[in-house]
Amino acid sequence: MSALNDRVKTSSGFYVTKEAPIATDNPIPTPSVPAPDILRCAYMELVVTDLAASREFYVDVLGLTVTEEDENAIYLRSLEEFIHHNLVLRKGPVAAVAAFSYRVRTPEDLDRAVAFYTELGCRVERRAEGFTKGIGDSVRVEDPLGFPYEFFYDVEHVERLAWRYDLYTPGALVRLDHFNQVTPDVPRATKFMQDLGFRVTEDIQDEEGTVYAAWMRRKPTVHDTAMTGGNGPRMHHVAFSTHEKHNILAICDKLGALRLSDRIERGPGRHGVSNAFYLYLLDPDGHRVEIYTQDYYTGDPDNPVVTWDVHDNQRRDWWGNPVVPSWYTEASLVLDLDGNPREVITRTEDSELAVTIGADGFSYTREGDEEKGFKLGNTL
Ligand SMILES: [Fe+2]
């Protein structure tokens, strides 16, 4: 019996289980000490090569709020945020990600983060004054998957602008929602993230049990980060939320009006995974930004885990629209704690692009309907 057929198939076409349906034969050891209690993804530090061009994109086009800025960096936040920033744009020579930053529940969780990663033999650096403006005592690590992760509790509070409707634009970004990371071995990465306290909400697999991507959360949404199978470590995207679908359409209209439609890489559309409405944009350095809204609540301890068949043509786009190949292949470099780009390791397992797009790939709309419910390769 196949891996997928062991599961309960729903009337919507995907499968559900009670436990995370992912196992690895190449695990990172589970530390003996407790993991830090992570609240949520909080901000990303992005290195950009042209600060003025990036400011135009993130502030003038997308409408993020400037908390603070100088000649080297811009600190931005969304309208509902009360911490100093959700995004740092820092000027540098190579476009890359300097930190995926998470807020933890208590100051003592920073001690736990140090112990957790130290036991794993990771490089760990702690700065009482923080690594960026607005953030206090912080821990940065080079995690076992090669990603620069940060943890902090102490942060400068700024005004939550949620009630300032005079500041809202038709495409207003209201929250940071999630990160998405590219890694060669998704089961290995997922098991590590479970040790770090994350819970899997959804994943994509094939009948042989190859895992192409997994979504995992701390806050009670579909995810705080996802692991996408591919050459890595790299950053696939950072996602901001709008309140409603029409806000995403307004961003598309604005980009068209500004003759910036080439910044739209994929969408707008409805995801199968996460059920959210989405749009993918590329910033002036090619960093991918997702605009995202209306996923679902996942906070119960027995939240059902959703598994999608990689050949289900509605998993990435519920309307069956094609995924552009660049979305599978392009991603941002990540930096080590010295600011040098990490070496990118090639994925050896099947790629989702290869098995679903192109001459050898296939996807179905209705499983078993081989006459009309089946799309072959590049007809997608
Ligand atoms: Fe996403």
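Here are some notes:
- The condition (being part of a strand (DSSP E or B) and under 21 Å from Leu333 (Cα atoms)) is satisfied by just one residue among Arg103, Arg140: Arg140.
Every residue, every condition in (1) modelled with pLDDT under 95; (2) within 13 Å of the ligand (Cβ to nearest atom); (3) under 20 Å from Ser78 (Cα atoms); (4) under 19 Å from the mean Cα position of the chain (by Cα), yes or no:
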| site | (1), (2), (3), (4) |
| --- | --- |
| Thr242 | no, no, yes, yes |
| Lys245 | no, no, yes, no |
| Gly272 | no, yes, no, yes |
| His287 | no, no, yes, yes |
| Tyr292 | no, yes, yes, yes |
| Tyr297 | no, no, no, yes |
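- Count of residues meeting criterion [touching an Asp or Glu at 6+ places or on another chain (Cβ under 9 Å) and surrounded by fewer than 17 Cβ atoms within 10 Å (Cβ to Cβ)] in region 81-107: 5
- Pairs, first in a loop (DSSP other than H, G, I, E, B) and among the polar types (S, T, N, Q) in region 222-249, second modelled with pLDDT of 95 or more and near the ligand (Cβ under 9 Å from one of its atoms), C-beta under 8 Å, six or more apart: Thr242/Tyr292
- Selection count where residues are surrounded by fewer than 19 Cβ atoms within 10 Å (Cβ to Cβ) and free of Cβ contacts under 8 Å to residues at least 24 places away in the same chain, scope region 57-80: 7
- Residue-level check: of (1) more than 20 Å from the chain's Cα centre (by Cα); (2) not in a loop (DSSP other than H, G, I, E, B), Pro170 misses just (2).
- Whichever residue in region 1-49 is among the acidic types (Asp, Glu) and surrounded by 14 or more Cβ atoms within 10 Å (Cβ to Cβ) and, among such residues, is nearest to the chain's Cα centre (by Cα): Glu45
- Identity of the residue in region 246-294, basic (Lys, Arg) and in contact with a strand residue (DSSP E or B) (Cβ under 7 Å, 6 or more places away or on another chain), that ends up farthest from Val310 (Cα to Cα): Arg263
- The condition of being aliphatic (A, V, I, L, M), over 20 Å from Ile38 (Cβ atoms) and in contact with a Phe, Trp or Tyr (Cβ under 9 Å, 6 or more places away or on another chain) holds for only one of Leu145, Leu76, Leu87, Leu110, that being Leu76.
- Residue in region 252-265 that is more than 22 Å from Tyr102 (Cα to Cα), surrounded by fewer than 22 Cβ atoms within 10 Å (Cβ to Cβ), within 15 Å of the ligand (Cβ to nearest atom) and of a type outside the set (Val, Ile, Thr) present: yes
- Residue that is farthest from Glu19 (Cα to Cα), among those in region 280-306 that are in contact with a helix residue (DSSP H, G or I) (Cβ under 7 Å, 6 or more places away or on another chain) and crowded, with 21+ Cβ neighbours inside 10 Å: Asp283
- Residue that is surrounded by the fewest Cβ atoms within 10 Å (Cβ to Cβ) [pool: residues in region 161-207 that are farther than 25 Å from Asp37 by Cβ and without any contact (Cβ under 8 Å) to a residue 40 or more places away in the chain]: Asp166
The values are calculated or read from the model by the stated rules, or taken from the named source; none is laboratory data. Treat the numbers as computed from the prediction; the structure is a model and nothing was measured. We place every Cβ from the backbone using ideal geometry, glycine too, and count neighbours over all the protein chains shown.
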